[in-house]
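The structure appears below as structure tokens.
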Amino acid sequence: MEDLTSENEQKITSEENTYEENLSDEYEDCQEIEQESKFGKLKMLLCNVKDNVGYDKKDKKFFIGKFRISRKLTIIILIISVIICAFAACSASAKKKMQQAMQPKDVTVERRTVTKKVTGSSIIEPKDSYSIMSITTGEITSDFISEGDIVEKGDKLYQFDSETPQNSVSTAENALKRAQQNYLDAVKAKSQTSQTNDKNIKSAQIAVERARQGYSDAQKTVGDLNVKSDVSGTVSEVYVKEGDNVGAGTKIASVYNDKYMKLRVPFNETDAQYISAGDGATVTVAGTGTQLWGSVSGVSSASVAVSGHNIVKYVTIEVENPGALTTSDKATAQIGDVACNDAGQFEYINEHSITTETSGKVISVNISKNDSVYNGQSIATLESNSASSSSNTAKLSLDDAVLALEKAVLASDVYSQDSAISNAKLALDDARLGLEKAQKGLDDYTITAPISGMVVTKNSKAGDKIDSSNATTPMCIIYDMSSVQFDLNVDEVDIARVKVGQEVTVKADAISDKEFKGIVEKVSINGVAENGVTNYPVTISITDYGELLPGMNVDAEIVVEKVENVLAVPVSSLNRGNNVYVKGDKTDKTDSAPEGYKTVEVQTGISDDDYIEIKSGLSEGELVRGQEMDTSSDFQEMMQQHMSGEAQSGGAPGGPPNGGGDAPSGAGGPR
């Protein structure tokens with residue numbers, strides 16, 4: 001038993017010696033750890049604990065400072081120390097790999113397409129907008145628009161209560177008539193004072209009437225240049241086109257009324273004698289079998305021979321057109337129990353030709369075949385220099401005749417009569433001005449569209465009253481949506497490259513799946529300086545704007561210059577002084593390029609965000625020093641692992657595990 005105990009003590013003593021030797025070796029290894037490591041201080045702390053760590057042979061316990069711990073816990077602490085040292089070594093290796101990965105990479109000189117673009121953002125606006133303001137006050141009796149309506153320039157928008165201004169116009173018209181009559185009476189009265197000049201005055205009056213009639217005729221000829229339809233119906237044919245020269249009586253178009261059609265069909269002579277006007281008839285349309293009810297309007301008095309040696313009489317039947325019949329359709333008819341001998345062809349009951357009243361050159365045709373027209377509608381416009389000239393000449397002749405009449409009257413007038421005529425003339429002029437003013441005032445009570453476009457806002461409606469409290473509020477707002485536009489601010493460096501007519505690619509955040517094409521419509525020279533940089537507004541117009549609406553945010557891109565199949569390198573490879581570092585041996589001892597590279601001066605062209613054109617100095621395939629960082633998946637994974645390791649290892653390691661750090665009861669203090 002004693003031998004066994006002695007053997008165990010020797011074994012324990014041997015293990016204690018081995019442990020102390022291991023601690024000594026661990027300490028020496030720790031001395032060699034690189035001090036620059038992030039965890040250098042922690043390692044040095046562990047290495048300096050040798051004096052406070054050991055084995056108490058008397059108590060047969062390991063100790064750390066004043067604490068006595070078991071052998072098992074000591075082994076755990078040693079393992080943790082070894083793991084920390086290993087992690088520090090791995091961390092240093094990872095940092096070295098990161099530094100290597102961030103070194104510049106060589107880039108091959110190759111051919112590319114380099115595109116210089118001007119980009120920017122803006123907000124869509126209509127081509128033009130107009131706020132309709134009223135210059136009069138009163139109650140709106142009618143409005144003719146709704147938001148979203150399309151209006152043409154001159155279309156009526158609002159009508160105010162115009163009873164008062166209309167009365168003013170009527171009063172002014174009556175005043176003018178009285179002034180005219182007074183003037184004529186004054187002139188006539190003066191003419192009667194001199195019997196000797198009666199003949200001259202009468203001749204002058206006749207000349208005035210003739211001149212007035214000539215002027216009226218000339219005005220009618222001018223008015224006849226606007227050819228109007230004198231019937232309502234459907235256009236069956238248009239015989240003229242723009243540029244044609246026509247004379248008086250030339251047929252412009254044919255118009256028919258297809259509400260009712262007539263059918264002329266043959267019946268055997270023996271059957272026709274029992275048919276009379278007013279008889280009912282059943283008409284069957286050939287090809288479709290559609291049956292219509294009609295009425296006999298006439299039976300021909302003469303009999304005619306047709307094919308097959310049949311003797312027939314033609315019966316005319318009128319039917320109401322259901323809407324699809326034309327003169328190319330045929331039909332048969334049955335009257336009572338009697339059927340027709342053969343099919344007949346439909347005809348229009350009423351067909352009318354519209355002709356010109358005067359001669360001229362056709363400058364516009366306002367109708368097409370199959371258009372509907374109404375009585376009084378303008379269907380064509382003629383141009384005639386002779387008609388205009390005749391009208392001007394007739395006006396001059398009338399003025400001359402009136403002047404001659406006045407001279408004839410003045411030649412036999414006395415002072416009082418001269419004064420009466422002068423006063424009447426002044427009164428006549430005042431009456432004319434009064435009528436013009438009243439008419440203008442009446443026109444102000446009708447609000448018309450100043451531009452063509454879309455009504456986007458309607459603030460006033462029928463029944464509203466316009467007064468001083470709301471006169472400054474627009475009655476409605478009209479957008480000209482024939483196109484949309486926006487202004488793009490272009491930097492002073494790029495403005496010289498932007499030209500009118502250049503194509504623009506436009507994208508909208510609200511319509512992400514579509515691109516729109518615009519053109520540069522205007523390049524302003526009125527720049528705006530801000531923060532030391534001058535920008536110039538460039539107006540871009542979009543005709544085919546689809547779903548774009550005013551107020552939408554858009555991004556625009558103008559390709560101002562583009563070169564294809566040119567040598568190019570990354571912009572980051574170009575150094576100051578227009579030189580690059582090319583892979584190869586240096587030829588100049590003063591060359592400051594990095595080791596393994598030489599400095600080469602290059603001539604550059606245009607550049608985009610990534611590449612710059614090289615016009616001379618480099619050859620395709622050469623390697624130049626770049627500034628790109630390795631972003632491969634392996635590198636990213638290494639970065640993530642390194643950052644994760646740093647986060648987990650931050651701070652000093654904690655104390656011993658729970659339950660294993662307390663000194664045993666009765667243990668002594670430190671040595």
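The values are calculated or read from the model by the stated rules, or taken from the named source; none is laboratory data. Because the structure is a prediction, the values reported are computed rather than measured. Glycine gets a Cβ as well: all are built from the backbone with ideal geometry, and neighbour counts include every protein chain shown. Side chains are part of the model used for accessible areas, which takes the heavy atoms of the whole protein and leaves out ligands, DNA and RNA. Shrake-Rupley method; radii C 1.70, N 1.55, O 1.52, S 1.80 Å.
What to note about this one:
- Sequence-distant residues sharing a close amide H with His352 (under 5 Å, placed H): Val255, Tyr256
- Once all protein chains are placed together, Lys440 keeps about 120 Å² accessible to a 1.4 angstrom probe.
- Restraint check, Lys153/Lys440; Lys407/Lys437; Lys369/Lys458, Cα-Cα greater than 27 Å: Lys407/Lys437; Lys369/Lys458
- Phi-derived couplings, Karplus 6.51 cos²θ - 1.76 cosθ + 1.60 at θ = phi - 60°, listed residue by residue for segment 284-294: 10, 6, 5, x, 9, x, 5, 9, 10, 9, x Hz, with x used for Gly and Pro.
- Distances between placed amide hydrogens fall under 5 Å for Ala286 paired with Lys330, Ala331, Thr332, all partners being 5 or more residues away or on another chain.
- Of the GluC sites (Glu not before Pro) in segment 532-584, the ones in a loop by DSSP (not H, G, I, E or B) with at most 15 other beta carbons within 10 Å are Glu547.
- Overall shape: prolate for segment 496-579, with the ratio a/c of the largest to smallest alpha carbon gyration tensor axis at 1.5 or above and a/b above b/c.
- Tail fraction, Cα-Cα pairs, segment 236-301, threshold 14 Å, whole percent: 73
- GluC sites (Glu not before Pro) lying in DSSP loop within segment 457-523, provided at most 13 other Cβ fall within 10 Å: Glu492
- Cleavage-rule hits (trypsin sites (Lys or Arg not before Pro)) in segment 459-553: DSSP loop, at most 15 neighbouring Cβ within 10 angstrom: Lys461, Lys499
- For Asn226, distant residues with modelled amide H under 5 Å away: Leu382
- When peptides 162-169, 284-291 are sorted by average Cβ neighbour count within 10 Å, with the highest value leading, the order is 162-169, 284-291.
- Karplus (6.51, -1.76, 1.60) ³J(HN,Hα), θ = phi - 60°, over segment 445-459, in Hz, Gly and Pro reported as x: 8, 10, 9, 10, 6, x, 9, 8, x, 10, 7, 9, 9, 10, 9
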